[in-house]
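As structure tokens, the structure follows; a few thoughts come after it.
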Amino acid sequence: MNFFDKHRGLKTWLPAFVFVAAVILFNNALNMIPEFATAIAKMLDILSPFIWGFVIAFILYIPAGKFEHFLLKNRYSFLSKHARAFAVLVTYLAFISIVGLAIAFIVPKIAASVVDLVNQVPAYYDSLLEFLEQYLDADGKLFGFDVIAMKDMITPSKILSFFDFTSISKYAQGVYKFGGALIDVFLAFVISVYMLLGRDYLIRTCGVVLSLAIPKKVLKTCYSYIKRMSDIFYSYIYSQLLDCLIVGILLSIVFAFLGLKYAFLLAMLIGVCNLIPYFGATISGAVVALLTLLSSNWLTAVLTLASIIIIQQIDANILQPKIVGTTVGIRPIYVLLAITVGGGLFGFVGILIGVPIIATIRMIIIDIISCRGNKPSKGTK
């Protein structure tokens, strides 16, 4: 006779007790999720200089590495001996110079254009309504829409109310006045310098620590995937930024030649929106054409739209194949999924990194299928 036969009550009540205890523990775990999330957020805030330092080092690794490779081939022994230090120094000086020039010359010009454009919104709105009223039917409607009623429902003040510029300025002032933020920025730069200078030592140290818990074969596979993921991110982001910069410069020249009021702002708007696959160029081009029509005349608007279409075609058929190429090689449906999910979760940054993330996931899935002996057909790529 065993213990449970002797004590049949325990055999009946023990599973129920375990179930109730599990429910209580699960409920307590759910109640602790906000506290756990707060703790993680606090930890990330404390480690933010290291996180941003890693981001800066990750971005500047390619130019620093290429310049270091150039210096290693130099015939001067002093430069080749200290190639990494000189490469990091020159890279950071160039980066700080570019950021400084942008803050000194480009940002004020864009800010002034934005302020002037916001002030002109009421006038542009009235011009748009006057333009639409020319095409009203006998019932005072345009394609079934009551333009007169829409004029009373949608006013410039209501439109601008969606954009709380006062709060934005307060937040910006608070960031710049808060000394801790400046210290974090300085620490992030210092940490990124140390990361770039001692990247070999950091990689070896991480490998030694991880090898204590992870088999070397698995660790080697993980390192291979990290390298391939980095290549995808570097290739996509750098090529996309270069492409949008070229498009922005070309359009700013054309817009200045056409005499547009906000030539540089509108060109940079299209350039930045060009980072958004498929939708960015189309939406920004339509907005720029509409603003040109309201601020100028129909001929200038037509020429502006034509120039946008021509440069976008040049970009799609010449620039992007040369610059971007087949960096990620994923189908349009996956690109749309990437920008939808990425934008919904992380905003514009999510849109920018969503495509390489999807490309990375696709790479891993294909490798898993291949390892199982079922190599994917071309139609699954």
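The values are calculated or read from the model by the stated rules, or taken from the named source; none is laboratory data. These numbers come from a predicted model, not from an experiment. We place every Cβ from the backbone using ideal geometry, glycine too, and count neighbours over all the protein chains shown.
Of all residues in the stretch 280-291, those being within 17 Å of LYS261 (Cβ to Cβ), at pLDDT below 85 and surrounded by 18 or more Cβ atoms within 10 Å (Cβ to Cβ) number 1. The C-beta contact set for the stretch 240-258 (first residue free of Cβ contacts under 8 Å to residues at least 60 places away in the same chain and over 15 Å from ALA289 (Cα atoms), second residue surrounded by 19 or more Cβ atoms within 10 Å (Cβ to Cβ) and not aliphatic (A, V, I, L, M), distance under 6 angstrom, 6+ apart or interchain) comprises CYS244/GLY271; CYS244/ASN274; GLY248/GLY271. When the stretch 77-108 is filtered for residues that are of a type outside the set (A, V, I, L, M), surrounded by 13 or more Cβ atoms within 10 Å (Cβ to Cβ) and modelled with pLDDT under 80, only SER80 remains. Suppose we keep only residues that are without any contact (Cβ under 8 Å) to a residue 60 or more places away in the chain and surrounded by 17 or more Cβ atoms within 10 Å (Cβ to Cβ) within the stretch 344-356. Which one would you say is nearest to SER230 (Cα to Cα)? Among those residues, the one meeting the criterion is GLY354.
Yes or no: the stretch 97-108 includes at least one residue that is within 19 Å of TYR194 (Cα to Cα), among the β-branched types (Val, Ile, Thr) and assigned by TED's automatic domain parsing to the domain that holds ASP184. First the steps, then the outcome.
Step one: of the stretch 97-108, the residues within 19 Å of TYR194 (Cα to Cα) are none.
No; the residues of the stretch 97-108 include none that is within 19 Å of TYR194 (Cα to Cα), among the β-branched types (Val, Ile, Thr) and assigned by TED's automatic domain parsing to the domain that holds ASP184.
Among the residues of this structure, ILE203 counts as one that is assigned to a helix (DSSP H, G or I) and of a type in the set (Val, Ile, Thr).
Quick one: in the stretch 29-76, which of the residues that are at pLDDT below 80 and of a type in the set (Asp, Glu) is farthest from the chain's Cα centre (by Cα)? This residue is GLU35.
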